[in-house]
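Peer 1: Attaching a single structure in structure tokens format; questions to follow.
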């Protein structure tokens, strides 16, 4: 299967899930996005369209501490960081949005780390 086809199918899965999952004031959405070299996480309130908290391996502090941004270790670090920032912002309950990716590998590591960091989803 061509990479363009895989991406098209992922976007289709994501649209299908997003038709049912939305972040509210009470439970904002924890969105995960990944590329070959990096992983990104955002806590989004869809009713106002605002990103409340974000973390990624592109940040300068994370680039200096992590060897690579595209592995499970980096995803765990981002999960812990986004959980820490969300709790500091007064958010403890979120809805998890895996972005059409399989709940496996880096996505699962980020989710598990965020749960251990104190987020409830």
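What follows draws every value from the coordinates through simple rules; no lab data is involved. As the structure is a prediction and not an experimental result, all values here were calculated from the model. In this analysis, Cβ positions are derived from the backbone assuming ideal geometry, glycine residues included, and neighbour counts consider all displayed protein chains.
Peer 1: Distance between the C-alpha centers of the range 44-89 and the range 13-37? Whole Å please.
Peer 2: 15
Peer 1: For residue 50, project a label point 7 Å along Cα to C-beta. Then give me every residue of the range 9-38 with its amide nitrogen under 12 Å of that point.
Peer 2: Residues 25 fall inside that zone.
Peer 1: Moving on. Counting each DSSP H run of 4 or more residues in the chain as -39500 (n - 2.57), what helix-only mean residue ellipticity at 222 nm follows after dividing by all residues, to the nearest 500 deg cm²/dmol?
Peer 2: Details: 4 runs with 50 residues, N = 121.
Per the formula, -13000 deg cm²/dmol.
Peer 1: Apply 1/(1 + (r/R0)^6) to the Cβ-Cβ distance of residue 61 and residue 37, taking R0 = 22 Å, and write down the FRET efficiency to the nearest 0.05.
Peer 2: Numbers: r = 17 Å, r/R0 = 0.77.
The value I calculate is 0.85.
Peer 1: Any chance you could run the full-extension gain for residue 73 through residue 92? It's 0.36 nm times the residue separation minus the Cα-Cα distance, nm to one decimal. Could you put the intermediate results ahead of the total?
Peer 2: Values: separation 19, 0.36 × 19 = 6.84 nm, distance 2.32 nm.
Gain on stretching residue 73 to residue 92: 4.5 nm.
Peer 1: When the chain is treated as a GNM, springs tying every alpha-carbon pair under 10 Å, which of 35, 54, 92 comes out with the largest mean-square fluctuation?
Peer 2: Largest GNM mean-square fluctuation: 35.
Peer 1: Quick one: length gained pulling residue 116 to residue 18 fully straight, 0.36 nm per residue minus the C-alpha distance?
Peer 2: Numbers: separation 98, 0.36 × 98 = 35.28 nm, distance 2.50 nm.
Answer, rounded to one decimal: 32.8 nm.
Peer 1: Once the Cβ-Cβ distance between residue 25 and residue 103 is put in as r, and R0 is 25 Å, what FRET efficiency do you end up with, to the nearest 0.05? Please report the intermediate quantities before stating the final value.
Peer 2: Working: r = 26 Å, r/R0 = 1.04.
That gives a FRET efficiency of 0.45.
Peer 1: Something else about it: Please tell me the relative contact order of the chain in percent, rounded to the nearest whole number, where contacts are Cα pairs under 8 Å and at least six residues apart.
Peer 2: Values: 212 pairs, mean separation 33.2, N = 121.
Reported as a whole number, the value is 27 percent.
Peer 1: So, one more: Where both residues lie in the chain, what percent of DSSP beta bridges are antiparallel, nearest 5? The partial results should precede the final answer.
Peer 2: Details: 12 of 16 bridges.
Expressed as a percentage, antiparallel bridges in the chain total about 75.
Peer 1: Could you tell me the convex hull volume per residue, in Å³, taken over the Cα atoms of the chain? Mind dumping the intermediate values first?
Peer 2: On the way: hull volume 12.5 nm³, N = 121.
About 103 Å³ per residue, rounded to a whole number.
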